[in-house]
Amino acid sequence: MLIAHRIALDPNNVQATYFARAAGTARFAYNWALAEWKRQYEAWKLDNRQTKPTQAALRRQLNAIKREQFPWMLEVTKNAPQMAIIQLGEAFKNFFAGRSRYPQFRKKGVHDRFTLTNDQFSIDGCRIRIPNLGWVRMRESLRFAGKILSATVSRVADRWFVSINVDTQDDSHLPLAENQGAAGVDLGVSALATLSTGEIIPGPKPHKALLARLQRLSRSLSRKQKGSANRKKAKAKLARLHARIAAIRSDALHKLTTDLTRRFHTIGIEDLNVRGMVRNRHLARSIADMGFFEFRRQLEYKTAMRGGQVVVADRFYPSSKTCSACGHRLEALPLAVREWTCPACGVVRDRDLNAATNLKNMAVSSTASACGEEGAGRTRKSAVKPASVKQEASSRFSQK
Ligand SMILES: [Zn+2]
């Protein structure tokens with residue numbers, strides 16, 4: 001399994017300057033290659049005898065000219081421009097496969113980053129060694145064992161992080177879940193999540209104060225004159241606050257998924273499609289911001305590491321509208337209704353807990369039927385088949 005472990009770095013001034021320069025070189029190479037790609041592609045369209053652009057050819061082309069035209073590129077690791085162009089190749093691959101939009105030019109200050117291949121750095125406890133730069137302190141050590149593939153150094157606000165890609169090879173290297181049972185998780189409107197056990201996981205706390213500060217800072221930024229030093233300062237302050245809030249949310253989501261996978265073997269969740277996300281825009285900020293796919297991705301890789309599984313409900317599964325005791329299904333249930341009484345069995349249902357319970361039952365029954373599928377499936381099929389055979393036969397006869 002491929003895992004990226006992101007760790008905060010503590011570079012000294014010289015190292016931070018190097019990072020900024022390497023990220024700048026990566027951005028320049030990426031943008032240069034993208035412009036060349038466009039130019040060469042247009043040329044190919046006019047004259048098919050020309051060659052179509054490829055990332056490998058562009059890398060060779062840059063290598064041939066960089067000593068003369070961009071000598072400053074040699075001051076940082078050769079990985080910075082090379083990996084950026086490889087990433088451009090990936091971006092085009094994703095574009096041609098319909099997975100993403102046409103590659104865009106990278107902008108300074110927006111996700112500044114550069115990538116190193118595993119022969120260009122080494123890790124020893126709480127530090128990483130980068131050629132021409134020496135050891136850089138990491139805030140924690142790498143938590144995953146396995147083959148180290150690459151590392152990406154990136155900037156968020158004024159801080160630097162390294163994201164280390166590891167192939168853990170052995171997938172289930174963590175202890176099994178404590179509780180081999182199942183749980184359903186309903187992603188919350190007000191809370192982060194409600195579990196079928198009745199637990200309510202609140203969203204991260206420090207939100208309100210920070211969000212108020214966020215508003216104040218953005219107002220103060222809008223009052224500053226464009227291009228002024230004060231505006232620059234206010235902008236950096238705002239970026240730091242954004243990064244802090246994002247970190248708090250990300251931390252809450254990781255804690256939730258770690259806690260769930262540590263405790264339960266089987267976890268039932270809803271399939272929130274994009275349209276559902278829009279409809280459910282009151283979803284707790286942590287999940288709404290990070291995206292439901294991030295929640296699901298974390299759950300899936302964390303359960304896989306413990307030999308557990310995630311069961312995702314069908315997109316149209318009415319988890320909120322179905323009574324988890326008798327199975328009665330309501331016609332409609334507005335989002336504002338937090339509690340309802342089942343007209344069939346008379347039990348009062350908490351909306352979120354009821355949904356979580358349904359998701360748990362769904363997860364349990366789908367894993368049970370997966371084990372017993374052979375027998376059940378065959379008998380059902382054999383009961384159906386003769387009828388269809390007969391029908392086919394009779395239609396064939398009538399054609400004669
Ligand atoms: Zn009922």
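The values are calculated or read from the model by the stated rules, or taken from the named source; none is laboratory data. All values derive from a computational prediction rather than experimental measurement. Counting neighbours? That spans all protein chains shown, and the Cβs are built from the backbone with ideal geometry, glycine included. Side chains included, ligands, DNA and RNA excluded: accessible areas come from the protein's heavy atoms. Shrake-Rupley method; radii C 1.70, N 1.55, O 1.52, S 1.80 Å.
The figures follow:
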| item | result |
| --- | --- |
| Neighbours by Cβ (under 8 Å, 6+ apart or cross-chain): first from the range 306-322, touching a residue at least 40 places away in the same chain (Cβ under 8 Å) and under 18 Å from residue 349 (Cβ atoms); second open to solvent by 40 Å² or more (accessible area, probe 1.4 Å) and in a loop (DSSP other than H, G, I, E, B) | 313/270; 317/270; 319/270 |
| Scope the range 1-39; condition buried (at least 21 other Cβ atoms within 10 Å of the Cβ) and either assigned to a strand (DSSP E or B) or of a type in the set (Lys, Arg) (or both); matching residues | 27 |
| Answer from 250, 324 - the residue that is within 16 Å of the ligand (Cβ to nearest atom) and either under 30 Å from residue 181 (Cβ atoms) or modelled with pLDDT of 85 or more (or both) | 324 |
| Residue that is nearest to the ligand (Cβ to nearest atom), among those in the range 340-360 that are open to solvent by less than 60 Å² (accessible area, probe 1.4 Å) and free of Cβ contacts under 8 Å to residues at least 12 places away in the same chain | 346 |
| Given (1) part of a helix (DSSP H, G or I); (2) modelled with pLDDT of 85 or more; (3) away from the ligand (no atom under 16 Å from the Cβ), index of the condition residue 368 fails | (2) |
| Matching residues, the range 294-319, being surrounded by fewer than 19 Cβ atoms within 10 Å (Cβ to Cβ), part of a loop (DSSP other than H, G, I, E, B) and in contact with a helix residue (DSSP H, G or I) (Cβ under 9 Å, 6 or more places away or on another chain) | 314, 315, 317, 318 |
| Qualifying strands (runs of 3 or more DSSP E) (wholly inside the range 81-174; at least 1 residues being open to solvent by 60 Å² or more (accessible area, probe 1.4 Å)) | 122-124, 127-130, 134-138, 147-156, 159-167 |
| Residue 262 being at pLDDT below 90, among the basic types (Lys, Arg), on the phi < 0 side of the Ramachandran plot and out of contact with any strand residue (DSSP E or B) (no Cβ under 6 Å at 6 or more places or on another chain) | no |
| Some residue of the range 329-339 being modelled with pLDDT of 85 or more, within 13 Å of the ligand (Cβ to nearest atom) and either farther than 30 Å from residue 167 by Cβ or touching a Ser or Thr at 6+ places or on another chain (Cβ under 9 Å) (or both) | yes |
| Any hit, the range 58-77, residues being under 22 Å from residue 117 (Cα atoms), under 28 Å from the mean Cα position of the chain (by Cα) and open to solvent by less than 50 Å² (accessible area, probe 1.4 Å) | no |
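This table checks each residue for (1) touching a Ser or Thr at 6+ places or on another chain (Cβ under 8 Å); (2) touching a residue at least 24 places away in the same chain (Cβ under 8 Å); (3) within 30 Å of residue 349 (Cα to Cα); (4) aromatic (Phe, Trp, Tyr).
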residue	(1), (2), (3), (4)
109	no, no, no, no
126	yes, no, no, no
144	yes, yes, no, yes
182	yes, yes, yes, no
201	yes, yes, yes, no
